[in-house]
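Visitor: Dumping the structure here so I can ask a few things about it.
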Protein chains: 2
Amino acid sequence: MSASAQKHDVFQAIADPTRRDILKLLAEKELSILEITGHFPMSRTAIAKHLHILSEAKLVNGRKIGREKRFRIQPDSLDELKQWLSYFEQFWHNKLSILKHIVENQNEKD
Amino acid sequence: MSASAQKHDVFQAIADPTRRDILKLLAEKELSILEITGHFPMSRTAIAKHLHILSEAKLVNGRKIGREKRFRIQPDSLDELKQWLSYFEQFWHNKLSILKHIVENQNEKD
DNA sequence: TTGACACGAAACCAAAAGGTGTTATATATT
DNA sequence: AATATATAACACCTTTTGGTTTCGTGTCAA
């Protein structure tokens, strides 16, 4: 077993809507577990678990400050998702506009 | 219950590695259930379930041809994922522009 | 030092996910 | 018409997920 025996990857991490909401929260600013919990109708423990999963997926990281643990977003891993997406992007762009590629040769604008 | 009582969304659909592999297969060409099953170490029934979930998420669609059901990719829904991603993109581009060496490694060969 | 506070860890639970096999039904082939 | 085939529809099993509660520990403040 390699050292990267990672139980949760990015895809699983973002599968849960609560975790996606947590990410949105942390995108704005660093927050403690209790502060995050305040935004959701569930227990602190549940949120802590979600944060653990997000942490495993390298989407957030937490540092202890006093008796608090403050989490912030670490969006690097989303790049893996982006690359995965880009693989399919060519397909839906190509397929949806077979004629279009004649017109716009390489308009990498959007 | 509204008509859009959709059990699986895109995020859940792509959370499973088997389903991501199925998407890659279908990206290349349309395939029947049996053909898809041939690529995986599991039963046809299991694959059919995965296809059902992918279908719910509007990532694939199947049409009956004779006694076969052939599935093809329907990548429109990935756009939702792309939009979700783009929200965070600004963060990691702004915040982590210093760590650009990661991005610069991007050799889109495979 | 005492007590409130923020957190971690563990035990537990219900429901969903992911798989199996069997049976039924419609379609092709002969 | 008979048979083989591709899939759908079930029933079932096991593991994972997402939540709970309880208890213990370190930290801050009075």
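Visitor: Filter segment A:58-68 for residues that are open to solvent by less than 60 Å² (accessible area, probe 1.4 Å) and in contact with a Phe, Trp or Tyr (Cβ under 9 Å, 6 or more places away or on another chain); which is farthest from residue A:13 (Cα to Cα)?
Guide: This residue is A:62.
Here is a yes/no grid of residues against (1) near DNA strand C (Cβ under 9 Å from one of its atoms); (2) exposed (fewer than 13 other Cβ atoms within 10 Å of the Cβ); (3) away from chain B (no Cβ under 14 Å):
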position	(1), (2), (3)
A:7	no, yes, no
A:24	no, no, no
A:32	yes, no, yes
A:36	yes, no, yes
A:39	no, no, yes
A:42	no, yes, yes
A:70	yes, no, yes
A:77	no, no, no
A:84	no, no, no
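Visitor: May I ask you to say which residue of B:108, B:80 is modelled with pLDDT under 95, within 15 Å of the chain's Cα centre (by Cα), among the charged types (D, E, K, R) and closer than 19 Å to residue A:89 by Cβ?
Guide: None of the other options fit; the residue is B:80.
Visitor: Can you tell me how many residues within segment A:43-60 are among the aliphatic types (A, V, I, L, M) and more than 18 Å from residue A:77 (Cβ to Cβ)?
Guide: 3
The values are calculated or read from the model by the stated rules, or taken from the named source; none is laboratory data. Note that the structure is predicted; figures quoted are calculated from it, not measured. Ideal geometry is used to build each Cβ from the backbone, glycine not excepted, and the neighbour counts take in all protein chains shown. Accessible surface is based on the protein model in full, side chains and every heavy atom, while ligands, DNA and RNA are left aside. Shrake-Rupley method; radii C 1.70, N 1.55, O 1.52, S 1.80 Å.
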